[in-house]
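Below is one structure, written out as structure tokens, with a few remarks after it.
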Amino acid sequence: MCKEATNNAAPTRQQKIDLLNARVQKITKKAIHEAKESGDPLALEFVHAQKKMTPVTAGFPVYQLRSSLLVYMYAIGAACLIIRGALMIHPLMTAMCVVTMLFGYDFYSGILHVVFDHPSNISIPVLGQPCLEFQWHHAIPYDIVQKDFVDVCGDLNVAIMILIPIYCTMLDLSNGVAMVIGGLKLWMAYFGQFSHKSAHMYGNGNTRATWLQNHGLMISPKEHTAHHKPPHDIDFCLIGVCNPLIDALRTITTDNRIWVSLFFIWSIFDLVCYVKVVDALAQFLQIS
């Protein structure tokens, strides 16, 4: 009886991750065989899937179980920052922060996605592992649906850990706008993960997600499917509102060095710019 109940139990978070990594091994084995037969070089995502992951280099396992405790701590901390900041400023300024960060985070997600999708960036220290997982997402597009949402959000844990001290240095956290903008960066990132996951659920998501997709506030399955068609060179944004802007920038240049530089620069200075935008708008509209 116990054995039967165990067999019928839903897979654990770890088991879901293990199934995805088993799929990576199976696809890699097939790719190696095909490369030997054709004489073509093996794509980098398959090369690195045969290497062992280290703290600085990309490799196997491609998918990892993330710390749910960190996700909850980050979410609560960001929520406290938003609430405290919102109590210090005019409600219209809070609304401006929300709109600014909706567009601002989506623009950032587009830059990030362009960089993480470039094969050669798998070799960049530290950055290579998320690049590897992003590129395996093209081979296993259902990975984001199979994983628990806490693990989808947990994919951001290391990036958040790196960015927190940078933002604490760059932002004046006695400023209410800076508090709200800083907290919203994380919550918009989690919203972006929700948007991305929902775009792969093809009508099996919740009604709120469908409503947001229908009203252009989250990327729809139809729009996101366009990105998953080779060569994966359009519709990079995870929420979707800034796709035309990112696509337009890529008509100017697709030079990977420029996009990587833009990614690092914007990762550091984006929130400072958004705070200045909201402060300038508030001053223009004479909101205090």
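Amide H contacts of Phe60: Lys51, Lys52, Met53, each under 5 Å away and 5 or more positions distant or on a separate chain (H built 1.01 Å from N in the peptide plane; Pro and chain starts excluded). Taking amide H as placed 1.01 Å from N in the peptide plane, Cys242 has no amide H partner under 5 Å among residues 5 or more places away or on another chain.
What does the helix-only formula give at 222 nm for the chain: each DSSP H stretch with n ≥ 4 adding -39500 (n - 2.57), the total divided by the residues, and the result rounded to the nearest 500 deg cm²/dmol?
So the helix-based figure for the chain works out to -22000 deg cm²/dmol.
What net charge do the residues around Ala178 carry, taking every other residue with its C-beta under 14 Å from that of Ala178, with Lys and Arg at +1 and Asp and Glu at -1? Don't skip to the answer; put the middle values down first.
Values: positive: Arg84, Lys185, Lys276; negative: Asp172, Asp270, Asp279.
Counting the neighbours of Ala178, the net charge comes to 0.
In order along segment 75-91, phi translates into HN-Hα couplings of 4, 5, x, 5, 5, 5, 5, 5, 5, 4, x, 5, 6, 9, 10, 5, x Hz, rounded to whole numbers, per the Karplus curve 6.51 cos²θ - 1.76 cosθ + 1.60 with θ = phi - 60° and x for Gly and Pro. Note on the chain: with a GNM built from Cα contacts shorter than 10 Å, the maximum mean-square fluctuation among Thr94, Thr57, Thr251 falls on Thr251. Comparing Cα centroids, segment 88-114 and segment 159-180 end up 14 angstrom apart.
Of the accessible area of segment 31-177, computed with a 1.4 Å probe over protein heavy atoms only, carbon and sulfur atoms account for 72 percent.
Per residue and in cubic angstrom, what volume does the convex hull of the Cα atoms of segment 71-207 have? Show your work: numbers first, answer last.
Values: hull volume 16.4 nm³, N = 137.
Taking the convex hull of the Cα positions in segment 71-207, it is 120 Å³ per residue.
Segment 1-71 and segment 232-259 have Cα centres separated by 28 Å.
Nearest 20 debye, what's the magnitude of the dipole of the chain about its Cα centre given +1 on Lys and Arg Cβ and -1 on Asp and Glu Cβ?
Details: 21 positive and 21 negative charges, 120 e Å.
Taking the Cα centre of the chain as origin, the dipole is about 580 debye.
Across segment 165-170, rounded Karplus estimates of 3J(HN,Hα) from the backbone phi angles (6.51 cos²θ - 1.76 cosθ + 1.60, θ = phi - 60°) give x, 5, 5, 5, 7, 7 Hz, Gly and Pro being marked x.
A 28 angstrom limit on the alpha carbon distance is what I want to check against. Which of Lys229/Lys276; Lys16/Lys36; Lys147/Lys222; Lys29/Lys229 exceed it? Beyond 28 Å: Lys229/Lys276; Lys16/Lys36.
Classify segment 200-242 from the C-alpha gyration tensor, please: rounded if a/c falls under 1.5, else prolate or oblate depending on whether a/b exceeds b/c.
Numbers: a/c = 3.31, a/b = 1.62, b/c = 2.05.
Taking the square roots of the gyration eigenvalues as a ≥ b ≥ c, segment 200-242 is oblate.
Rounded to whole numbers, the Karplus 3J(HN,Hα) couplings from phi for segment 270-279 are 4, 5, 4, 5, 5, 4, 5, 4, 5, 4 Hz, using 6.51 cos²θ - 1.76 cosθ + 1.60 with θ = phi - 60°, and x at Gly and Pro.
Please work out the average accessible area per residue across the chain, using the 1.4 Å probe convention, and give it in Å². It would help to have the intermediate numbers written out before the result.
On the way: 15180 Å² over 288 residues.
In whole numbers, the chain has 53 Å² accessible per residue.
Percent of alpha carbon pairs in the chain separated by more than 29 Å? For the chain, the fraction of Cα-Cα distances above 29 Å is 38 percent.
Could you tell me what percent of the accessible area of segment 239-286 is made up of carbon and sulfur, with a 1.4 Å probe and every protein chain present?
Numbers: 1980 of 2830 Å².
The C+S portion of the solvent-accessible surface of segment 239-286 is 70 percent.
Computed log10 I(q)/I(0) for segment 189-279 at 0.18, 0.19, 0.20, 0.23 Å⁻¹: -0.93, -1.00, -1.05, -1.17, from the Debye equation with unit scatterers placed on every C-alpha and solvent omitted.
Each 10 Å bin from zero up to the one holding the largest Cα-Cα distance in segment 169-237 carries the following percent of pairs: 19, 38, 23, 17, 3.
The values are calculated or read from the model by the stated rules, or taken from the named source; none is laboratory data. Remember, predicted model here, so these are calculated numbers, not experimental data. Quick reminder, even Gly has a Cβ in these numbers, built from the backbone with ideal geometry, and neighbours come from all protein chains shown. Only protein heavy atoms, including side chains, enter the accessible area calculation; ligands, DNA and RNA are left aside. Shrake-Rupley method; radii C 1.70, N 1.55, O 1.52, S 1.80 Å.
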